[in-house]
1. Take the conditions more than 21 Å from Val35 (Cβ to Cβ) and in contact (Cβ under 8 Å) with a residue 60 or more places away in the chain and apply them to Lys133. Does it pass?
2. For the range 20-29, enumerate the residues that are under 11 Å from Val74 (Cα atoms) and open to solvent by less than 30 Å² (accessible area, probe 1.4 Å).
3. Given the conditions (1) of a type in the set (S, T, N, Q); (2) touching a Phe, Trp or Tyr at 6+ places or on another chain (Cβ under 8 Å); (3) farther than 29 Å from Ile143 by Cβ, and given that Thr33 satisfies all but one, which numbered condition is not satisfied?
4. Hand me the list of helices (runs of 4 or more DSSP H) wholly inside the range 30-146 holding 3 or more residues that are polar (S, T, N, Q), open to solvent by 100 Å² or more (accessible area, probe 1.4 Å) and closer than 29 Å to Met14 by Cβ.
Amino acid sequence: MLINISQHTGASIMRVKLDNGKTYDIAAMFKPTKVSRSEAWGFFRGNLSAWPKGLMIPVESKTTLAGLFKWLLVFPLHTLSLLLLPFLWLFGYSTYAYAFFTKDDAEKLKDYRVNLQKVYEDLSDIEDQDEFKRRLKEEIAKIKPY
């Protein structure tokens with residue numbers, strides 16, 4: 001299927017899956033979301049630097065004819081949404097597609113990785129695999145950021 005339209009949190013979204021396995025939410029590329037101006041600028045710069053990689057998707061991955069058509073739909077829309085980001089930045093906005101993973105999320109993930117490493121170190125002396133798995137599952141449930 002070229003475009004998969006599904007229900008997610010009450011709003012319909014369009015997802016397109018390319019041949020490289022990545023999915024793109026077309027509606028999220030144009031849905032404004034309030035962030036700080038510095039975050040909005042960072043999202044713009046980060047995604048602008050990824051633009052050339054998107055350009056090379058049909059060349060670097062095994063591409064089918066349907067995948068090429070999907071890319072021809074996604075890439076121009078992605079480019080258009082990137083062009084809108086500097087205007088949204090002026091008002092402290094970005095788009096949901098570029099802002100769903102914020103700095104707060106990155107900090108939580110970093111803390112989670114540190115805590116997970118501690119858990120592995122604390123449980124490293126357990127030799128019984130079943131006991132190790134049980135305790136690991138319990139400890140991970142305690143430190144999950146989400």
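1. Numbers: more than 21 Å from Val35 (Cβ to Cβ): yes; in contact (Cβ under 8 Å) with a residue 60 or more places away in the chain: no.
Judged against the criteria, Lys133 is not a match.
2. Passing the criteria: Asp25, Ile26, Met29.
3. With (1) of a type in the set (S, T, N, Q); (2) touching a Phe, Trp or Tyr at 6+ places or on another chain (Cβ under 8 Å); (3) farther than 29 Å from Ile143 by Cβ applied to Thr33, the lone miss is (3).
4. Values: elements: 37-55, 57-60, 65-89, 96-99, 103-123, 129-143.
Helices (runs of 4 or more DSSP H) meeting the threshold: none at all.
The values are calculated or read from the model by the stated rules, or taken from the named source; none is laboratory data. Since we're looking at a predicted model, the values are computed, not measured. Glycine also receives a Cβ, built like all others from the backbone with ideal geometry; neighbour counts cover every protein chain displayed. Surface areas here come from the heavy atoms of the whole protein model, side chains and all, with no ligands, DNA or RNA. Shrake-Rupley method; radii C 1.70, N 1.55, O 1.52, S 1.80 Å.
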